[in-house]
Amino acid sequence: MKKRWLWGLGILGGAALTLAGLWLMVFRVNEFSLDIRLRGDSQVTLEYGQHYAEPGAEASLRGSLLLKQGWSPEEVRWTTDSDLDEERLGTYTVTYTAAYRDYTAQARRQVTVVDTQRPVITLTEDGPLEPEVRYEEAGFSAWDNYDGDITDRVERYETLGLVTYAVMDSSGNWGYASREIPPYDGQPPAVTLEGGTPYAIPLGVPYEEPGFTAVDNYDGDVTDAVEVSGEVCWYRRGTYPITYTVRDDFGNEAVYERLVEVTPAPRPKVVQPPGKTIFLTFDDGPSSHTRQLLDVLDAYGVKATFFVTGGGDPDILTEIVSRGHAIGIHTLSHEYGEIYASPEAYFDDLYGMQAYILEKTGVKTTLMRFPGGSSNTVSRKSWEGLMTLLTEAVQDAGFQYFDWNIYSGDAGGAGATKKASGVAENVIRGMEEEGTGIVLQHDIHGFSVEAVEDILIWGLNNGYHFDRLTENSPGYHHPVNN
């Protein structure tokens, strides 16, 4: 029994020695290291003006086989090194060094000092503000928590009713402020003239405003507020100013001027007819006698000129043209009091008759004869100097007016007659005296039409040539009496 106990005790002792040796062997192969764990984040952002609070660190001794979870010995020696400067923006490093017996370890934490605060703009208090008076800056200052006084960096923007201030610090932070002010507009409206300036119109055509627009930077479209002044004398060559005036709600006034150039038409070259050339002309038609006259002229192969009015059969106007005769303007109404009331009234009649002839015949004639001729005095009753003006104006407008130097006497006056023989005698005598020229007759009188054949026979037998008027024919203009 005793031997068995001793034997068992020996066995236990041997096992203990074996375990101790095994533990010693494991401990010798186990590798230890010292680790550092930072409390808090490894990268810290510190707002400028705040103080850095050190969170600290912990050290652990860890083994590769044993103590893998680590053991924190109390005898660790710590060293902390840092270049942190809280007064300067930037990124700094805090270095932690731990030592335990033969083991050491290091860890680092980055601390970045930043400035994210906006600068502050302080506005000086305004004095009394009066509407419609330009605002005068009361003053301002700007302060940044890092840069200090940055007033000189402030940018100022003034718009209608508001002043805006903006400033950026060295960190890129923007600060803003604004103040309301009474609206002030010192800029006048802008006027745009359609068609530009100078603006040319042909003489004789009434001036029509080409149009305009006006825009104000504050009031917007102010076209309806534009006042237009000035007149264009469209029947006299020259340059005429038209003034456009506009004011906005702040009283800013803009004045623009358009120069309107009234330009005359070029005058055709007058060509003197060869030899003994006679231009037969007939006024006041067409009438019931006109077709008879056309037949007579056709029978002798002669062309004439008809200065027509707005009365009578319009189909005869077509016949005049289709038979190769010249057609010209006499008057639309033949009412002297209306025609010679003013330059405008005369041109209304002139253009009206031109349009009428064009409508009926397709011919836009520029040949014309003044009612009563250019030497008439009836125009004195309504407009002093009217014929002096009109004789130039119609030519500048592109018309050619024709008087006469051989009168038939069929409408009264010198040599007046109501017989065909008397008309023929007057015309033949005039042809003998003048040799060439323009004959005035009226195809509204049957006796005057009856005289035409005798005139043609005598003229053709005596070496005369009969022709129609063109724009290049001589006008045989009378002296103007008004």
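Quick test of your reading of the structure: Arg236 fulfils all but one of (1) of a type outside the set (A, V, I, L, M, F, W, C); (2) open to solvent by 60 Å² or more (accessible area, probe 1.4 Å); (3) closer than 18 Å to Glu132 by Cβ. Name the failing condition by number.
(3)
Would you call Gly196 in contact with a strand residue (DSSP E or B) (Cβ under 9 Å, 6 or more places away or on another chain), part of a loop (DSSP other than H, G, I, E, B) and either buried (at least 17 other Cβ atoms within 10 Å of the Cβ) or modelled with pLDDT of 95 or more (or both)?
Criteria met by Gly196.
Only one of these is open to solvent by less than 20 Å² (accessible area, probe 1.4 Å) and assigned to a strand (DSSP E or B): Val255, Val228, Val246. Name it.
Result: Val246 is the single residue among Val255, Val228, Val246 that is open to solvent by less than 20 Å² (accessible area, probe 1.4 Å) and assigned to a strand (DSSP E or B).
Restricting attention to region 290-306, which residues are open to solvent by 10 Å² or more (accessible area, probe 1.4 Å) and in contact with a Leu (Cβ under 8 Å, 6 or more places away or on another chain)? Step through it out loud before you land on a result.
Here is the first cut: in region 290-306, the ones open to solvent by 10 Å² or more (accessible area, probe 1.4 Å) are 291-292, 295-296, 298-301, 303.
Val296, Tyr300, Lys303, listed by residue number.
It is to be established whether one or more residues within region 271-281 are within 30 Å of Tyr184 (Cβ to Cβ), in contact with a Pro (Cβ under 9 Å, 6 or more places away or on another chain) and either open to solvent by 30 Å² or more (accessible area, probe 1.4 Å) or of a type in the set (Phe, Trp, Tyr) (or both).
Of the residues in region 271-281, the ones within 30 Å of Tyr184 (Cβ to Cβ) are none.
No, because not a single residue in region 271-281 is within 30 Å of Tyr184 (Cβ to Cβ), in contact with a Pro (Cβ under 9 Å, 6 or more places away or on another chain) and either open to solvent by 30 Å² or more (accessible area, probe 1.4 Å) or of a type in the set (Phe, Trp, Tyr) (or both).
I'd like the full set of residues that are open to solvent by less than 50 Å² (accessible area, probe 1.4 Å), closer than 21 Å to Phe32 by Cα and in a loop (DSSP other than H, G, I, E, B), limited to region 48-79.
Leu66, Gly70, Pro73, Val76
Hey, could you check region 161-189 for residues that are farther than 10 Å from Pro119 by Cβ and of a type in the set (D, E, K, R) and say which is most open to solvent (accessible area, probe 1.4 Å)?
Residue satisfying both the conditions and the ranking: Glu180.
Would you please list the contacts, defined by Cβ atoms under 6 Å and residues six or more apart or on different chains, that run from a residue in region 333-349 that is under 18 Å from Gly312 (Cβ atoms) to a residue that is open to solvent by 60 Å² or more (accessible area, probe 1.4 Å)?
Cβ pairs passing all conditions: Asp349/Leu332.
Could you tell me which residue of region 429-461 is nearest to Lys303 (Cα to Cα), considering only residues that are in contact with a helix residue (DSSP H, G or I) (Cβ under 9 Å, 6 or more places away or on another chain) and open to solvent by 30 Å² or more (accessible area, probe 1.4 Å)?
Filtering region 429-461 for residues that are in contact with a helix residue (DSSP H, G or I) (Cβ under 9 Å, 6 or more places away or on another chain) and open to solvent by 30 Å² or more (accessible area, probe 1.4 Å), the one nearest to Lys303 (Cα to Cα) comes out as Glu453.
The values are calculated or read from the model by the stated rules, or taken from the named source; none is laboratory data. Everything quoted here is computed from the prediction, not taken from an experiment. Ideal geometry is used to build each Cβ from the backbone, glycine not excepted, and the neighbour counts take in all protein chains shown. With ligands, DNA and RNA removed, areas are computed over all heavy atoms of the protein, side chains included. Shrake-Rupley method; radii C 1.70, N 1.55, O 1.52, S 1.80 Å.
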